[in-house]
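Worksheet: one structure, shown below.
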Ligand code: SF4
């Protein structure tokens, strides 16, 4: 498995924001979001076996683990890694671009955070409602927005797709581009039960640093 970095930090996004978390960042992503803050994960990476990753995860003494990217779903050993982490008792979060379906065989007690990419990302053509229809109330849809147009697109697209209302939806502003206060207004005006997140790790640590 190609790994860009392994590190322990504070979870800055998702419903788990604020908890210490061990991050497994895989290498490679076929998407090219305009606001991507992990472009260094597109190429290269270190070959690691699932056993080696589990060993490093154990050393972190952290029960919450996130597999992120890049795009984890394009890694061949991704399902084995996720399922073994679960079997060993870790709480497992998986962040994915929304451009791929959930792989067969994945232990569905893993919490999948599936991005929905609005037009501002330049990647909305990758969004397929079938990928999102496999989500449950144990998962989460995450929308990063760089404008009111992006936010309105998320609202109307989710309406069109008629996904179960139990799937939590989080929205966040593109860091340094959208004032979180504005996003708060948009959520209130929309009357949607969206939860705001503000990339807490970029406030706690250097927002341009790797491995935070
Ligand atoms: S899906 Fe994620 S890793 Fe891939 S380009 Fe978009 S933000 Fe970057």
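Computed from the coordinates by the stated procedures, all read-outs in this text should not be read as laboratory data. Since this is a predicted model, take the numbers as computed values, not measurements. Methodologically, a virtual Cβ is constructed for each residue, glycine included, from the backbone with ideal geometry; neighbour enumeration extends over all protein chains shown.
Model label points for residue 208 and residue 192, set 7 angstrom from Cα along the Cα-to-Cβ axis, are 3.2 nm apart. The Cα-based radius of gyration of segment 3-42, divided by its Kirkwood radius, gives an Rg/Rh of 1.01. Extension gain, residue 19 to residue 177: 0.36 nm times the residue separation minus the Cα-Cα distance gives 54.3 nm.
If you take the beta carbon distance between residue 109 and residue 49 as r and set R0 to 30 Å, what does 1/(1 + (r/R0)^6) give as a FRET efficiency, to the nearest 0.05? Could the numbers behind the result be given before it?
Numbers: r = 23 Å, r/R0 = 0.78.
After rounding to 0.05, the efficiency reads 0.80.
Computed from Cα atoms, the angle from the helix 180-190 axis to the main principal axis of the chain rounds to 60 degrees. Simple spin-label estimate for residue 59 and residue 133 gives 4.5 nm between the two label positions (7 Å along the Cα-to-Cβ direction from each Cα). Each part gets one Cα centre, and for segment 113-170 versus segment 1-75 those centres are 22 Å apart. With respect to the chain, whose longest principal axis is taken over its alpha-carbon atoms, helix 50-59 is tilted by about 80°.
Hey, what number do you get for the chain at 222 nm if only DSSP H runs of n ≥ 4 count, each worth -39500 (n - 2.57), divided across all residues, to the nearest 500?
On the way: 6 runs with 54 residues, N = 212.
When only DSSP H runs of four or more count, the value is -7000 deg cm²/dmol.
Relative to the dominant Cα principal axis of the chain, helix 78-87 is inclined by about 80°. One equal scatterer on each Cα of the chain, no solvent, Debye formula: the resulting log10 I(q)/I(0) at q = 0.09 Å⁻¹ is -0.32.
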